[in-house]
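Chemist: Before anything else, here's the structure in question.
The values are calculated or read from the model by the stated rules, or taken from the named source; none is laboratory data. Only a predicted model underlies this, so the values are computations on that prediction, with no experimental measurement involved. Cβ placement follows ideal geometry from the backbone for every residue including glycine, while neighbour counts extend to all protein chains displayed. The area values use the complete protein model at the heavy-atom level, side chains included, leaving out ligands, DNA and RNA. Shrake-Rupley method; radii C 1.70, N 1.55, O 1.52, S 1.80 Å.
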Amino acid sequence: MGITTLLIVVVILAIAFDYINGFHDAANSIATIVSTKVLTPFMAVLWAAIFNFAAYFYFTDHKVANTIAKTVLEEYITLEVIFAGLVAAISWNLFTWYYGIPSSSSHTLIGGFAGSGMAYAWIMGANPFTAVNQSAILKTVSFIVLAPVMGMIISIIVTLIILNLAKRARPAVAERWFKICQLISSAALSFAHGGNDAQKVMGIIATALIAQQVIPDFESMPAWVPLSCYIAIAAGTMSGGWKIVKTMGTKITKVTPLEGVSAETAGAVTLGITEHFGIPASTTHTITGSIIGVGVVKRVSAVRWGVTISLLWAWVLTIPVSAVLGGITLAIIHFIL
């Protein structure tokens with residue numbers, strides 16, 4: 001396989017991952033609005049896809065993409081390394097989607113890329129841990145905990161504020177207003193999700209173009225890269241992810257329109273903060289923490305903690321499992337092909 005052909009394959013794989021990311025993570029932005037019956041499943045994915053793509057016109061600094069591009073140090077980046085990382089990320093994403101596990105697409109991509117880079121360093125006789133940008137990895141890993149905690153705290157605060165403001169309102173009137181507000185909060189979450197997640201693939205494609213000297217640096221990324229990434233994630237969202245919708249929308253805690261507004265608002269705010277600082281946070285982790293937050297306001301026992309602990313295991317395992325898959329894939333490419 002020639003270099004030019006492999007570059008094309010890597011770009012296609014990256015866009016395919018972005019599409020898979022869309023339908024894998026669609027549940028995160030539509031689960032509450034579907035479970036509260038504010039929108040039908042089809043209208044919910046259409047609504048989410050529109051705002052996934054709308055983020056293209058706002059998020060132009062690409063800080064998250066830059067962080068992803070620097071996951072593996074430049075001297076250990078080859079097209080084979082990027083290819084292996086993408087294969088690992090796609091494999092784990094499809095596996096978790098099939099079994100309805102809301103794992104993080106962001107962490108899958110980072111883990112696969114880091115693992116293949118470390119394997120390449122080992123093959124070259126270097127210390128594998130020198131291949132990765134440890135500060136970037138540490139920042140990402142820390143937000144496995146921080147993102148859901150931020151989402152939970154913000155959702156608790158928002159819920160308490162809304163309850164205080166609406167305590168004298170008639171239930172029927174309040175319910176109607178919460179359903180309208182949930183359209184806005186769901187749009188905000190989808191907007192933040194698109195802005196955060198599409199950038200991760202942009203970073204991978206830009207890295208591949210730099211590795212082949214198609215472009216000199218990250219700032220020279222051509223316009224088609226962000227455009228194609230936002231189109232892909234929006235198209236993926238249109239495909240839905242109903243198994244994960246069930247887990248996120250009903251199994252963690254029962255969600256009302258009021259609580260849907262709180263959870264989605266908290267998720268959007270958290271993702272907006274992480275995007276501002278260039279942190280590739282997980283939409284999955286963020287909205288899970290936000291949903292837990294609204295459950296805790298009712299009572300601690302309203303949260304099904306057994307389901308939450310199962311999700312936590314998936315979160316903890318995603319980066320190392322993806323890294324191992326990336327390393328194995330790179331080794332197969334190097335030694336067999």
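Chemist: Under 7 Å between Cβ atoms, at least 6 apart or on separate chains: pull out the pairs that start in the range 150-175 with a residue that is over 16 Å from Lys298 (Cβ atoms) and of a type in the set (Asp, Glu) and end on any residue that is open to solvent by less than 70 Å² (accessible area, probe 1.4 Å) and at pLDDT below 80.
Modeler: Short answer, once both residue conditions are applied: Glu175/Pro257.
Chemist: Enumerate the pairs (first residue in the range 218-232 and within 19 Å of Phe51 (Cα to Cα) and among the β-branched types (Val, Ile, Thr); second residue anywhere and at pLDDT below 95 and assigned to a helix (DSSP H, G or I)) with beta-carbon separation below 8 Å, excluding pairs fewer than 6 apart on the same chain, so at least 6 apart or on different chains.
Modeler: So the pair list comes out as Val225/Met202; Val225/Ile205; Val225/Ala206; Val225/Leu209; Ile231/Phe53.
Chemist: Tell me, yes or no, whether the range 260-270 has at least one residue that is among the charged types (D, E, K, R), touching a helix residue (DSSP H, G or I) at 6+ places or on another chain (Cβ under 9 Å) and modelled with pLDDT of 80 or more.
Modeler: yes
Chemist: For the range 113-134, does any single residue satisfy the condition of being crowded, with 24+ Cβ neighbours inside 10 Å and within 20 Å of His193 (Cβ to Cβ)?
Modeler: Checked against the condition, which is being crowded, with 24+ Cβ neighbours inside 10 Å and within 20 Å of His193 (Cβ to Cβ), the range 113-134 yields no hits at all.
Chemist: Within the range 259-285, can you find the residues that are over 19 Å from Val201 (Cα atoms) and open to solvent by 10 Å² or more (accessible area, probe 1.4 Å)?
Modeler: Those that are over 19 Å from Val201 (Cα atoms) and open to solvent by 10 Å² or more (accessible area, probe 1.4 Å): Glu259, Val261, Thr265, Ala268, Val269, Ile273.
Chemist: Across the range 159-174, what is the number of residues that are part of a helix (DSSP H, G or I) and over 13 Å from Pro257 (Cα atoms)?
Modeler: The initial filter retains those residues of the range 159-174 that are part of a helix (DSSP H, G or I), namely 159-165, 171-174.
With over 13 Å from Pro257 (Cα atoms) added as a condition, the list becomes 160-161, 164-165.
Residues that pass the stated criteria total 4.
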